[in-house]
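Presented below is the structure to which this report refers.
The values are calculated or read from the model by the stated rules, or taken from the named source; none is laboratory data. Everything numeric here is computed off the predicted structure, so don't read it as measured data. Cβ placement follows ideal geometry from the backbone for every residue including glycine, while neighbour counts extend to all protein chains displayed. Please note that ligands, DNA and RNA were not included when accessible areas were found on the heavy atoms of the full protein model with its side chains. Shrake-Rupley method; radii C 1.70, N 1.55, O 1.52, S 1.80 Å.
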Amino acid sequence: MKNNHLLRNTISIVFAFFFHNFIFAQQNENKIIFPEESYNFGTLQESDGEVQHTFKFVNVGSDSLKLVDVQSSCGCTTPYWEKTALLPGDTGHIVVAFNPLNKPGGFEKTVTVTSNGTPPISLLTISGFVEPRSLTIEDKLPFAIGDLRFKSQYLNFGTITTEKPVQKSFAFFNQSEDTISFLERQVAGDFIQLQLSPKVVPPKSYGQLMVTYITKKRNDFGFLNDQIMLFTDEDKDHYKALSIIATVMEYFPPMTERELARAPRLQVEEDTYDFGHVNVGEVLTHSFLIQNTGKDKLNIRKMKPTCNCLQTELKERDFKGGSTGEIKVTFDTAGTGGSQVKRVTVFSNDPRKPAKDLILKAYVRE
């Protein structure tokens with residue numbers, strides 16, 4: 001009986017202790033309230049520039065309140081906030097600025113507010129729709145050579161194959177007040193054909209450069225960069241140096257399942273090798289073991305390293321079905337430092353994967 005009485009007294013004391021602490025915590029909490037947690041800007045004009053909205057918050061608790069951090073979900077959204085603590089009953093402000101440049105269309109961005117209050121994390125949202133600005137000639141064709149504007153110095157064909165010649169048209173614009181005439185003289189490889197339309201370009205007018213890329217004549221694979229030159233009658237910058245870039249892959253016609261089963265297949269035992277930590281100036285060597293797991297003869301067309309610091313060696317180029325070999329790669333670390341990732345691309349007549357990358361890694365200590 002005495003023990004029961006003692007137990008009841010103990011429970012009462014513990015309950016009173018936690019109840020007192022709960023009431024104390026409730027009375028001394030610094031509670032944050034945002035009367036408005038989202039705002040819609042409606043329709044904005046991209047050309048009008050930055051807009052702002054102010055979110056107010058109130059410390060409705062009985063202790064001081066301070067914002068610890070305010071982070072936006074996008075670089076286009078910048079929050080500005082007060083760093084000083086707020087006393088109970090005080091009002092603070094967070095200004096959220098949004099830059100619509102290059103952000104056409106609908107948007108919804110969030111701002112995460114971290115404080116020493118309750119709740120510790122609050123989420124603010126801004127939204128709206130950005131009407132795109134009208135693009136200028138400088139926007140559309142940002143690269144200028146003399147008075148002619150192009151989209152880029154690089155005329156990009158992307159990934160193309162050796163199946164047949166590839167044609168692509170590139171726009172240019174005469175931004176001057178005078179007529180510009182192209183001369184007959186051109187500089188380009190025999191695998192590139194250039195056609196200008198028109199050859200005499202009126203002021204403030206567009207033209208087209210049609211480029212025909214004859215991949216079989218180029219007789220190479222992988223990423224290729226070739227320079228061309230056009231000449232005009234301008235007094236300054238009359239020659240226009242441009243680059244034709246493309247990634248060329250060998251073309252394989254569609255094959256039946258039976259043909260694919262017989263086709264050569266390049267298998268690499270291990271396509272990545274890490275030398276670990278090495279000293280600058282060391283010459284490193286690794287051999288990649290390869291095998292033709294197909295039935296028809298495998299031919300290694302070409303090996304292309306990513307830099308002059310790599311040298312490759314392959315004794316044989318042809319492998320019968322089931323036969324093996326090795327590709328020896330030498331990496332000269334002179335002039336390098338820190339983390340290094342080098343690549344050799346092996347091109348073969350494997351129709352499933354005509355390009356295979358071999359990767360070498362090392363950390364070079366200087």
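Scanning the stretch 103-123 for residues that are in a strand (DSSP E or B), within 21 Å of residue 47 (Cβ to Cβ) and not aromatic (Phe, Trp, Tyr) yields a total of 3.
Answer yes if at least one residue in the stretch 243-264 is open to solvent by less than 30 Å² (accessible area, probe 1.4 Å) and more than 30 Å from residue 298 (Cβ to Cβ), and no otherwise. Looking for residues that are open to solvent by less than 30 Å² (accessible area, probe 1.4 Å) and more than 30 Å from residue 298 (Cβ to Cβ), one finds at least one in the stretch 243-264, hence yes. May I ask you to say which residue of 302, 236, 297 is under 30 Å from residue 194 (Cβ atoms) and modelled with pLDDT of 95 or more? When all the criteria are applied, what remains is 302. The listed residues are 325, 281, and the only one of them that is small (Gly, Ala, Ser), part of a loop (DSSP other than H, G, I, E, B) and open to solvent by less than 60 Å² (accessible area, probe 1.4 Å) turns out to be 281. Residues of the stretch 284-311 that are open to solvent by 30 Å² or more (accessible area, probe 1.4 Å), within 30 Å of residue 225 (Cβ to Cβ) and either touching a Pro at 6+ places or on another chain (Cβ under 9 Å) or aromatic (Phe, Trp, Tyr) (or both): 299, 301, 311. In the stretch 83-102, the condition of being at pLDDT 95 or above, part of a strand (DSSP E or B) and at positive phi is met by no residue.
Considering the stretch 213-239, and only residues there that are within 29 Å of the chain's Cα centre (by Cα), part of a strand (DSSP E or B) and not aromatic (Phe, Trp, Tyr), the residue that is surrounded by the fewest Cβ atoms within 10 Å (Cβ to Cβ) turns out to be 225. Out of the residues in the stretch 194-212 that are within 34 Å of the chain's Cα centre (by Cα), touching a residue at least 24 places away in the same chain (Cβ under 8 Å) and open to solvent by 50 Å² or more (accessible area, probe 1.4 Å), state the one that is farthest from residue 231 (Cα to Cα). Among those residues, the one meeting the criterion is 206. Taking the stretch 60-80 as the range and being open to solvent by less than 60 Å² (accessible area, probe 1.4 Å) and in a strand (DSSP E or B) as the test, the residues that pass are 65, 67, 69, 70, 72, 77, 78, 79. Here are some residues: 42, 49. Which one is in contact (Cβ under 8 Å) with a residue 60 or more places away in the chain and exposed (fewer than 12 other Cβ atoms within 10 Å of the Cβ)? Among 42, 49, only 42 is in contact (Cβ under 8 Å) with a residue 60 or more places away in the chain and exposed (fewer than 12 other Cβ atoms within 10 Å of the Cβ).
Quick grid of which residues meet (1) free of Cβ contacts under 8 Å to residues at least 60 places away in the same chain; (2) touching an Asp or Glu at 6+ places or on another chain (Cβ under 7 Å); (3) not aromatic (Phe, Trp, Tyr):
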{"residue": "124", "(1), (2), (3)": "no, yes, yes"}
{"residue": "133", "(1), (2), (3)": "no, yes, yes"}
{"residue": "137", "(1), (2), (3)": "yes, no, yes"}
{"residue": "145", "(1), (2), (3)": "no, yes, yes"}
{"residue": "156", "(1), (2), (3)": "no, no, yes"}
{"residue": "159", "(1), (2), (3)": "no, no, yes"}
{"residue": "162", "(1), (2), (3)": "no, yes, yes"}
{"residue": "171", "(1), (2), (3)": "yes, no, yes"}
{"residue": "175", "(1), (2), (3)": "yes, yes, yes"}
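Per the listing 304, 353, 315, 361, the residue uniquely basic (Lys, Arg), in contact (Cβ under 8 Å) with a residue 12 or more places away in the chain and assigned to a loop (DSSP other than H, G, I, E, B) is 353. The single condition among (1) modelled with pLDDT of 95 or more; (2) open to solvent by 60 Å² or more (accessible area, probe 1.4 Å) that residue 112 does not satisfy is (2).
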